[in-house]
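A quick write-up on the structure given underneath.
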Amino acid sequence: MQPGPRDLPHQCLIKRNKKTSTFYLYLALSPSFMDKGKFLLAARRYRQGAHTEYIISLDADELSQGSNAYVGKLSSDFLGTNFTIFDSQPPHSGAKPSSSRASRRFASKQISPQVPAGNFEVGQVSYKFNLLKSRGPRRMVCSLKCPVLQETINDKNLDNSKMNGLETASSGCTVLRNKAPRWHEHLQCWCLNFHGRVTVASVKNFQLVATMDQSQPEGRGDEDTVLLQFGKVGHDTFTMDYRLPLSAFQAFAICLTSFGTKLA
């Protein structure tokens with residue numbers, strides 16, 4: 001749940017099991033796409049009427065909202081173009097849980113005795129209408145509540161004014177958008193430079209950059225630094241590389257939105 005590193009991203013793998021609609025996140029321990037690495041999180045897709053939910057868990061075998069391993073969920077609308085990310089723990093003091101029926105059912109379970117369990121909204125992901133439909137690149141925008149890492153606030157190199165700004169932004173919002181691909185005339189396709197971390201062309205592949213980041217001076221985002229990239233390397237294997245201010249949970253939830261049909 002802690003934000004990733006600032007300089008070099010954490011490199012991860014996502015394994016998909018289509019038969020069980022289950023996804024597994026691993027921290028890569030080697031450059032090979034074949035090695036699973038260290039297990040971090042698992043998610044399972046459920047249909048809830050006209051909506052889809054992904055239950056995210058710390059246990060690969062306990063994928064229900066009533067489990068003690070439950071850490072959050074991802075909920076989509078009917079079209080599969082708008083998603084809401086919920087955390088089981090409050091993102092900051094004073095945060096109020098969602099009043100949905102799912103949250104009330106979960107309220108009887110408690111992961112940590114220090115804080116009440118529930119579903120706290122921590123982000124939204126939206127896919128914009130694409131005139132080219134499946135032939136063109138997807139456009140996505142993410143709005144996330146990204147608390148600043150405490151060790152960043154305590155950095156000795158920061159002066160008091162910067163520290164005050166970071167503390168104020170500790171429950172602020174980071175807005176990400178996908179980096180626009182370029183049309184490659186020779187290959188006749190849309191291309192992004194994944195630096196060898198993506199090997200299979202797919203409409204699911206994306207890179208996210210910050211357009212607004214309240215942890216930065218004046219809230220400006222760095223539109224050159226990729227904070228999250230996701231892409232296909234095998235039939236059911238994908239890479240996920242993330243860095244500050246995203247946590248593994250947030251990055252995983254964003255990547256899960258790329259699976260499934262977008263009716264719009």
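The values are calculated or read from the model by the stated rules, or taken from the named source; none is laboratory data. Note that the structure is a prediction, hence the values are computed from the model and not measured. In this analysis, Cβ positions are derived from the backbone assuming ideal geometry, glycine residues included, and neighbour counts consider all displayed protein chains. Each accessible area value is taken on the protein alone, full model and side chains, heavy atoms only, with ligands, DNA and RNA left out. Shrake-Rupley method; radii C 1.70, N 1.55, O 1.52, S 1.80 Å.
Points to keep in mind about this one:
- Against the numbered list (1) open to solvent by less than 50 Å² (accessible area, probe 1.4 Å); (2) assigned to a loop (DSSP other than H, G, I, E, B); (3) modelled with pLDDT of 90 or more, residue 158 comes up short only at (3).
- Selection of segment 22-39 for residues being charged (D, E, K, R) and either assigned to a loop (DSSP other than H, G, I, E, B) or touching an Asp or Glu at 6+ places or on another chain (Cβ under 7 Å) (or both) yields 35, 36.
- Residues of segment 44-56 that turn out to be modelled with pLDDT under 90 and either part of a strand (DSSP E or B) or among the acidic types (Asp, Glu) (or both), as a count: 3
- Where residue 8 falls short, out of the listed (1) without any contact (Cβ under 8 Å) to a residue 60 or more places away in the chain; (2) assigned to a loop (DSSP other than H, G, I, E, B); (3) closer than 25 Å to residue 144 by Cβ: (1)
- Residue tally, condition over 16 Å from residue 251 (Cα atoms) and either exposed (fewer than 14 other Cβ atoms within 10 Å of the Cβ) or at pLDDT 95 or above (or both), over segment 22-33: 5
- Test: residue 50 is open to solvent by 10 Å² or more (accessible area, probe 1.4 Å), free of Cβ contacts under 8 Å to residues at least 60 places away in the same chain and either farther than 14 Å from residue 259 by Cα or among the polar types (S, T, N, Q) (or both): yes
- Residue 179 being closer than 25 Å to residue 251 by Cα, at pLDDT 50 or above, out of contact with any Leu (no Cβ under 9 Å at 6 or more places or on another chain) and surrounded by 15 or more Cβ atoms within 10 Å (Cβ to Cβ): no
- Screening residue 184 against (1) closer than 15 Å to residue 144 by Cα; (2) modelled with pLDDT under 80 leaves a single unmet condition, (1).
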